[in-house]
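Asker: Input: one structure, supplied below.
The values are calculated or read from the model by the stated rules, or taken from the named source; none is laboratory data. Since the model is a prediction, treat every value here as computed from it, not as a measurement. A quick note on method: Cβ atoms are made from the backbone with ideal geometry, for glycine too, and the neighbour counts reach across all protein chains shown. These accessible areas exclude ligands, DNA and RNA; they are computed on the full protein's heavy atoms, side chains included. Shrake-Rupley method; radii C 1.70, N 1.55, O 1.52, S 1.80 Å.
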Amino acid sequence: MVDYQLNHLQELESESIFVLREVAARFERPSLMFSGGKDSIVMLHLARKAFHPCKVPFPLLHVDTGHNFPETIAFRDQLVEKIGAKLVVAKVQDSIDQGKSKEETGVNASRNGLQTVTLLDALEDLKTDAAMGGARRDEEKARAKERFFSHRDEFGQWDPKNQRPELWNLFNSKKAMGEHFRIFPISNWTEMDIWQYILAEKIDIPNLYFSHKRRCVNRDGILLAESPYLNMKENEEVKEYQVRFRTIGDMTCTGASLSDADSLEKIIEEVAATRQTERGGRSDDKRSEAAMEDRKTQGYF
Amino acid sequence: MELLRFTSAGSVDDGKSTLIGRLLYDTKSIFEDQYDQIKEASERKGETTVNLALLTDGLRAEREQGITIDVAYRYFATPKRKFIIADTPGHIQYTRNMVTGASTANLALILVDARHGIIEQTKRHAFIASLLGIPHIAICVNKMDLVEYKEEVFDKIKSDFENFSSKFDKLDIRYIPISALHGDNVVNKSEKMDWYQGSTLLYLLENIHIASDQNRIDCRFPVQYVLRPQSDEYHDFRGYAGRVAGGTFRPGDEVTVLPSGFTTKIKSIESMDGNLAEAFAPMSVTMTIEDDIDISRGDMIVRADNQPQMSQDVDLMVCWMNEQPLNPNGKYTIQHTSRETRCMVKEVKYKVDVNTLHRDLEDRTIGLNDIGRIKIRTMSRLFYDPYKRNRNTGSILIIDELTNETVGAGMIIE
């Protein structure tokens, strides 16, 4: 007798595809947040599966801080061309030039927080009523409380204490004029699930995720890549390390980790053995205990 | 590797956080930086031990007030299974959260303090687990260390619970004596309770049979989205995308499309990786059919010889989730499978006292966290199965038309 039981990746895939189709069916102008990181790459892969043989029925939106790794941008452009998707790039630099945001100063200056202004403007320009993001609940404790369909008021803010209960697979997508939704189709995936799925589905990812030689600065235990955007402290020394990135964000706040993992199999081994969380290398989360919750409340993803 | 979703409900002092912390810790699912963070936070608050509750209480307000406000989702895996825990606060005012966590769970973990035995809260949890159709319940009799690991204590609690739970239909209930604090029978077998021949909690979670938790008999496919590529390659392609809600579909099966009632055959079951030989719950697939029939979102494809009930009048058990009580003559928007329609409340039959399970026929006000039986009339016909038979086709979401908030969760009785 056949055992009618999906494995965990199949079940997660099925759940995410269901969510993506709900979004397409219920909203008029959804967009999919695409950063070029592994989570958004997996989300895009799921979207392709959800709508096959149609093209993905919504544009990709990339909030470009201007401080991305060049490898990420090259990868993004190649992928978009391959699948024939529409890409919209919203630039943080434009928001700064228009006087809407102000560059942070000091050695730990980062454009991470500035993304919120640019993002909310872009969502308004696109008249987006549902913005899909690749955030996962296992990433961070504030994210553990997120809904699949997360309601945002007319200022784009999140009210964590007043969220709509979410039961079964019935999602409430009702909203008033000017409000929108953030949708998290891969809420229930863990870092390990993502890697196992990338391996199982043979999904291409940027080579930053694999072990390579890179010149970095060791700042408070976090290895930051040498780049024109990184403000150096006195006495800081740039050295070459054998590293890979566990997450890909801005060059100024994404820490590299020492690693020899040059294949997906080795990455999975490494992830299984690691004793540090994925975002442990993200200096943007280390600013305070509630750093993520505070940014999310204001409209960050 | 399979996926098991379980919910854990309990109050602050029955050791639920310790138990979950123990499961995460012993399966090496807590990371060093996470542990350091909560250790530091515990010290800052002047606590002497590391407070594992801080792991799940993610919101600033929760940490400040030392309470869990919302359902927290936690993840861990062993080589056998991946687990999703919906961790919910157990106090009566959080019935809403318990119901939310229970709605997708395969198993409910209910903690009983060995010193206190079955209390009202235990009964409430069991009632909610049964109401929400959780197929398996694990009663963990905790703090066995404080009753000298005595078999009589465990046996007494077990028989008390058996007496009480005989009111519920077909529940798979397991009993495990544990000490979350010392780790007895959580991940490792206890050396202090030789009299217990059963499995440890983790072994149960890893091995309990969950393949039958989905309905494998009644074929139901709510159409979610219609795929029409209109490209050269797929010129006449018309695919019906959705998630199988029950039964098994195969190409060639004779099916009826509701509400039109037209009968046709399944031509193919498609995916990006090629065509499939069959599709069963909870797979997300795309179907094509032999005949050119008008089908849209909200329709349901079912086996011609096994059709769901169809009616505009349905009885529900409802759990109320909003400060604003149920309006006994009110109109609400409802969501059921992939359909959205409106309903009118016709009657509140009774309210359930969640502690005694008595039906209250006098006070029929259904307020926040209340559970009651109501009768509704819907604007268009629903195609449904009783919730007990199929959670996917028997569940309803009730939405307030003014505030757009989700105010109630309904389970169809007949």
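Asker: Could you list, in sequence order, the residues of the range A:109-149 that are basic (Lys, Arg) and within 14 Å of chain B (Cβ to nearest Cβ)?
Answerer: A:Arg136, A:Arg137, A:Lys141, A:Arg143, A:Lys145, A:Arg147
Asker: A follow-up question, please. Does B:Arg220 count as surrounded by fewer than 20 Cβ atoms within 10 Å (Cβ to Cβ), in contact with a Lys or Arg (Cβ under 9 Å, 6 or more places away or on another chain) and of a type in the set (Lys, Arg)?
Answerer: no
Asker: Let me ask something else about it. Answer yes if at least one residue in the range B:367-385 is open to solvent by 60 Å² or more (accessible area, probe 1.4 Å) and among the hydroxyl-bearing types (Ser, Thr, Tyr), and no otherwise.
Answerer: No, the range B:367-385 contains no residue that is open to solvent by 60 Å² or more (accessible area, probe 1.4 Å) and among the hydroxyl-bearing types (Ser, Thr, Tyr).
Asker: Answer yes or no as to whether A:Arg214 is more than 11 Å from chain B (Cβ to nearest Cβ) and either in contact with a strand residue (DSSP E or B) (Cβ under 8 Å, 6 or more places away or on another chain) or within 30 Å of B:Leu397 (Cα to Cα) (or both).
Answerer: Yes, satisfied.
Asker: Here's another thing I want to ask about it. With respect to B:Arg381, determine if the residue is more than 14 Å from chain A (Cβ to nearest Cβ), closer than 30 Å to B:Arg303 by Cα and more than 22 Å from the chain's Cα centre (by Cα).
Answerer: yes
Asker: Continuing with the same structure: Looking at the range A:150-161 only, could you name the residues that are open to solvent by 30 Å² or more (accessible area, probe 1.4 Å), under 24 Å from A:Asn188 (Cβ atoms) and more than 9 Å from chain B (Cβ to nearest Cβ)?
Answerer: A:Asp159
Asker: Kindly evaluate B:Pro282 against the criterion of being at the interface with another protein chain (Cβ under 9 Å from one of its Cβ atoms) and in contact (Cβ under 8 Å) with a residue 60 or more places away in the chain.
Answerer: yes
Asker: Could we say that B:Gln197 is assigned to a loop (DSSP other than H, G, I, E, B), among the polar types (S, T, N, Q), on the phi > 0 side of the Ramachandran plot and open to solvent by 40 Å² or more (accessible area, probe 1.4 Å) here?
Answerer: Judged against the criteria, B:Gln197 is not a match.
Asker: Considering only the range A:1-31, state which residues are free of Cβ contacts under 8 Å to residues at least 12 places away in the same chain and more than 8 Å from chain B (Cβ to nearest Cβ).
Answerer: Hits for the range A:1-31 are A:Met1, A:Val2.
Asker: Determine if the range B:108-120 includes at least one residue that is without any contact (Cβ under 8 Å) to a residue 12 or more places away in the chain and farther than 17 Å from B:Leu171 by Cβ.
Answerer: Yes: the range B:108-120 contains one or more residues that are without any contact (Cβ under 8 Å) to a residue 12 or more places away in the chain and farther than 17 Å from B:Leu171 by Cβ.
Asker: Would you point out which residue out of A:Ala256, A:Ala272 is in a strand (DSSP E or B) and either open to solvent by less than 70 Å² (accessible area, probe 1.4 Å) or touching a residue at least 40 places away in the same chain (Cβ under 8 Å) (or both)?
Answerer: Residue meeting the stated conditions: A:Ala256.
Asker: Kindly provide the set of residues from the range A:237-249 that are open to solvent by 10 Å² or more (accessible area, probe 1.4 Å), in contact (Cβ under 8 Å) with a residue 24 or more places away in the chain and among the charged types (D, E, K, R), ordered by number.
Answerer: Hits for the range A:237-249 are A:Lys239, A:Glu240, A:Arg246.
Asker: Oh, and also: How many residues does the range B:126-156 contain that are assigned to a strand (DSSP E or B), touching a residue at least 60 places away in the same chain (Cβ under 8 Å) and open to solvent by less than 10 Å² (accessible area, probe 1.4 Å)?
Answerer: The qualifying residues number 3.
Asker: Out of the residues in the range A:173-186 meeting the condition of being crowded, with 23+ Cβ neighbours inside 10 Å and modelled with pLDDT under 95, tell me which one is nearest to A:Ala273 (Cα to Cα).
Answerer: Checking each candidate, the answer is A:Arg182.
Asker: Could you check B:Ile396 against (1) over 17 Å from B:Leu132 (Cα atoms); (2) within 14 Å of another protein chain (Cβ to nearest Cβ) and say which number it fails?
Answerer: (1)
Asker: Now a separate question. Just checking, how many residues over the range B:157-194 are at pLDDT 85 or above, over 20 Å from B:Arg124 (Cα atoms) and either basic (Lys, Arg) or open to solvent by 20 Å² or more (accessible area, probe 1.4 Å) (or both)?
Answerer: Of the residues in the range B:157-194, 7 are at pLDDT 85 or above, over 20 Å from B:Arg124 (Cα atoms) and either basic (Lys, Arg) or open to solvent by 20 Å² or more (accessible area, probe 1.4 Å) (or both).
Yes/no matrix, rows are residues, columns are (1) surrounded by 14 or more Cβ atoms within 10 Å (Cβ to Cβ); (2) out of contact with any helix residue (DSSP H, G or I) (no Cβ under 7 Å at 6 or more places or on another chain); (3) of a type in the set (Ser, Thr, Tyr):
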{"position": "B:Asp236", "(1), (2), (3)": "no, yes, no"}
{"position": "B:Val285", "(1), (2), (3)": "yes, yes, no"}
{"position": "B:Ser296", "(1), (2), (3)": "no, yes, yes"}
{"position": "B:Ile301", "(1), (2), (3)": "yes, yes, no"}
{"position": "B:Gln309", "(1), (2), (3)": "yes, yes, no"}
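Asker: Looking at B:Asn327 and the list (1) at pLDDT 95 or above; (2) assigned to a loop (DSSP other than H, G, I, E, B); (3) outside the structural domain of B:Asn390 (by TED's automatic domain parsing), which single condition is not satisfied?
Answerer: Going through (1) at pLDDT 95 or above; (2) assigned to a loop (DSSP other than H, G, I, E, B); (3) outside the structural domain of B:Asn390 (by TED's automatic domain parsing) one by one, B:Asn327 breaks only (3).
Asker: So which strands (runs of 3 or more DSSP E) are wholly in the range B:208-271 and hold at least 3 residues that are at the interface with chain A (Cβ under 9 Å from one of its Cβ atoms)?
Answerer: B:220-227, B:239-243
Asker: Considering every residue within the range B:32-49, establish whether at least one is assigned to a loop (DSSP other than H, G, I, E, B), at pLDDT 65 or above and crowded, with 17+ Cβ neighbours inside 10 Å.
Answerer: no
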